[in-house]
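Q: I'd like to ask some things about the structure below.
Where a number appears in this text, it was derived from the coordinates with a stated rule and is not lab data. Just so we're clear, the structure is a prediction, and the values are computed from it rather than from any experiment. Here the Cβ positions follow ideal geometry from the backbone for every residue, glycine too, while neighbour counts run over all protein chains shown.
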Amino acid sequence: MSKTLAACFVAAIAFAAVPALAQTAKPAPAAASAPAPAAEDKYVGYYYPKPTTTESYTSPMQTIAGAERAQRVQFVTVVSQGTIQSAYRVPYAVFVKGEKAEKLIIVGLQPGEMSSVFRIRAILANMTTMSRLSPFFQERTVAEDANFFDLLKLLGFTQLTVTDGDKLAYQVSIK
């Protein structure tokens with residue numbers, strides 16, 4: 001990731017910050033489950049294909065007080081602005097959906113960049129790294145134990161969907 005994108009990501013985390021106490025519990029690993037029926041997800045077929053892999057992640061974090069729709073939209077707006085203004089073409093787009101902007105969607109823009117669950121998880125690992133650099137994340141977690149899913153939980157996101165923009169969709173329910 002470029003320094004500009006990382007700086008924008010860190011700024012987005014700080015910008016979305018609202019006061020909360022630090023939390024120190026260790027995260028639980030994501031558990032794989034069967035894909036949700038497409039009828040339950042109105043974004044299937046429009047923003048991404050039916051999820052090919054679904055997981056449930058139970059975070060030890062509590063959503064921070066005051067983390068509402070506006071903060072999630074601001075967070076994603078700043079992250080998206082960073083990708084748009086990057087010195088190079090970032091291979092994905094980031095946006096929110098849902099009545100409460102509780103669903104984060106990441107769509108691959110270049111063929112092959114997110115062509116497997118493993119590549120998607122690698123991008124999420126990079127997002128964990130960027131998250132850990134932010135004062136917001138460091139003040140509210142034990143940064144080396146927390147991950148990007150925990151950041152999403154802190155901000156009140158309940159679902160993350162990452163897709164290659166073609167055939168693959170990886171969806172995580174965040175609890």
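Q: Which net charge results when you count Lys and Arg as +1 and Asp and Glu as -1 among the other residues whose beta-carbon is under 13 Å from that of Ser56?
A: Summing Lys/Arg as +1 and Asp/Glu as -1 gives +1.
Q: Net charge around Arg119, counting only other residues with Cβ within less than 14 Å of its Cβ (Lys, Arg = +1; Asp, Glu = -1)?
A: Residues near Arg119 contribute -1 overall.
Q: Within the range 100-175, which GluC sites (Glu not before Pro) sit in a loop by DSSP and count at most 11 neighbouring Cβ atoms inside 10 Å?
A: Glu144
Q: Shifting gears a bit: Step through the table entries Lys42/Lys153; Lys50/Lys153; Lys103/Lys175; Lys100/Lys167, compare each Cα-Cα distance with 19 Å, and write down the pairs that go over it.
A: Where the Cα-Cα span goes over 19 Å, the pairs concerned are Lys42/Lys153; Lys50/Lys153; Lys100/Lys167.
Q: Exposure proxy check: Arg121, Arg132, Arg140 ranked by fewest other beta carbons within 10 Å?
A: Result, fewest neighbours first: Arg121, Arg132, Arg140.
Q: Below 9 angstrom from the Cβ of Tyr43, what's the summed charge of the other residues (Lys, Arg +1; Asp, Glu -1)?
A: Here the charged neighbours net out to +2.
Q: List Ser115, Ser59 from most exposed to least, where exposure is judged by having the fewest other Cβ atoms within 10 Å.
A: Listed from fewest to most nearby Cβ atoms, that is Ser115, Ser59.
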